Structures are given as structure tokens and as C-alpha cells.
């Protein structure tokens, strides 16, 4: 089963002081470079969803797609444009600010999705859903489009209405650490 990977880097980075989080340096490379290195072996195609710094994101060698919905509408807007551009029947999303995402993220999500005949599989770490780490069928695009047209923006509210399977990653909860503030960036850099 072929899978398109979408790296979500389309936010405003408000808690990071307005800087583009994916391009913030972490251990000598932009955060997004760490994410791309871990995601690349797991998927058949990569798309980067970004709404700023387009040329810098293009320099990583992957297509960059911008939200169709104005005003930084959140991760669902990135999933929406990613699904529209994806070449494959399955789409996985990861955020640009989680440099330690699991090397087996996609296989575990796909196995659960197939086993449960679900529409969407979402990662769970320490009993907390990680909604931007999800794999879904591209055929959900019309459903997502309607949800967004009706003003919906919360990813977990959208998938609550779908056949969803939650996939535990309690063996590696630190893999989902994301960086939202300069303090989190400094703390994570010190522990690695």
C-alpha cells in the first residue's frame, strides 16, 4: 500500500515568538530536517505543507504545498491540501516540530488501520492522543472538505465522527515530544 507523507509546517509559531518552527535550529539542523530524515524511509512520497518561507522549504527537495484556506487554519487545513495533492490512497501526517518521531510510526498506524478496517489511525502516547500523527484514507477528502467548509478546525473533533483506531506508542512516548517554545527547544536539546 503506497503512502503519501505530509509534514505539517504551516502554522504561525506564536508560542515560538512568531518564527517558523520547522526552520528553527536543533542540534545543528532545522527541526524539519530531523523530521524528514525519519519520515523519508517510511513513505512513498513526501509533501511539505508550509505557508511561509516557501523557498527555504523547497530547498529540502520536496514539493511544498500551501493551505487552500486562509488565515493559518491549523493542521486540518494542511491535511486538506496534502490530501488534494497526494498521489497515493493513504496519507500520513506528522508535525515539523517533533524531531524524534518513531521510525516505525507509519507501519504501526497502517497495521492498525487495516486490522480494524478503520478510516483513520491516530497515535497515542502516555494515554494521550497525538492527533497530528495520523494515517488516513485519501477517500476521506470530501468528508474533510465539508467539515472545513462548515467552519470545523479541531482535528480530534473531525476524526471523532470517523471509524478511528487509536494506536498505542507507550513504549516510546518521548518520540512525540514537540517543540512549541524556546524553553522546550533548549530543554530537549540539553537532554539529547
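Where in the range 22-125 are the strands (runs of 3 or more DSSP E), entirely inside, with at least 3 residues that are farther than 15 Å from residue 8 by Cα? Before the answer, list the steps.
On the way: elements: 45-50, 90-95, 120-125.
The qualifying strands (runs of 3 or more DSSP E) are 120-125.
Does at least one position in the range 105-112 carry a residue that is at pLDDT 95 or above, in contact with a helix residue (DSSP H, G or I) (Cβ under 9 Å, 6 or more places away or on another chain) and exposed (fewer than 14 other Cβ atoms within 10 Å of the Cβ)?
Of the range 105-112, the ones at pLDDT 95 or above are 105-112.
Remaining after also requiring in contact with a helix residue (DSSP H, G or I) (Cβ under 9 Å, 6 or more places away or on another chain): 105-107.
After this cut, where a residue has to be exposed (fewer than 14 other Cβ atoms within 10 Å of the Cβ) as well, the list is 107.
Yes: one or more hits.
Identify, from the list 81, 96, the residue that is more than 28 Å from residue 172 (Cα to Cα), touching a strand residue (DSSP E or B) at 6+ places or on another chain (Cβ under 9 Å) and at pLDDT below 95. Show your work before the answer.
On the way: 96 fails: more than 28 Å from residue 172 (Cα to Cα).
On inspection, the qualifying residue turns out to be 81.
I need a count of the residues in the range 2-25 that are at pLDDT 85 or above and more than 18 Å from the chain's Cα centre (by Cα).
Residues that pass the stated criteria total 1.
Go through the residues of the range 36-46 one by one and say whether even a single one is within 14 Å of the chain's Cα centre (by Cα) and at pLDDT below 95.
Among the residues of the range 36-46, not one is within 14 Å of the chain's Cα centre (by Cα) and at pLDDT below 95, which makes the answer no.
Could you figure out which of (1) out of contact with any helix residue (DSSP H, G or I) (no Cβ under 9 Å at 6 or more places or on another chain); (2) buried (at least 20 other Cβ atoms within 10 Å of the Cβ) isn't true of residue 51?
(1)
Take the range 165-177 and flag every residue that is touching a helix residue (DSSP H, G or I) at 6+ places or on another chain (Cβ under 8 Å) and either part of a loop (DSSP other than H, G, I, E, B) or without any contact (Cβ under 8 Å) to a residue 24 or more places away in the chain (or both).
Across the range 165-177, the qualifying residues are 169, 177.
Just the residues that are within 12 Å of residue 79 (Cβ to Cβ) and not in a strand (DSSP E or B), please, taken from the range 126-143.
Within the range 126-143, 138, 140, 141, 143 qualify.
So for the range 56-75 (the condition being under 16 Å from residue 135 (Cα atoms) and in contact (Cβ under 8 Å) with a residue 40 or more places away in the chain), does at least one residue qualify?
So the first thing to find is which residues in the range 56-75 are under 16 Å from residue 135 (Cα atoms), and the list is 75.
Okay, now just the ones that are also in contact (Cβ under 8 Å) with a residue 40 or more places away in the chain, so 75.
Yes.
The values are calculated or read from the model by the stated rules, or taken from the named source; none is laboratory data. None of these values were measured; they are calculated from a predicted model. Here Cβ is always computed from backbone atoms with ideal geometry, including for glycine, and neighbour counts include all displayed protein chains.
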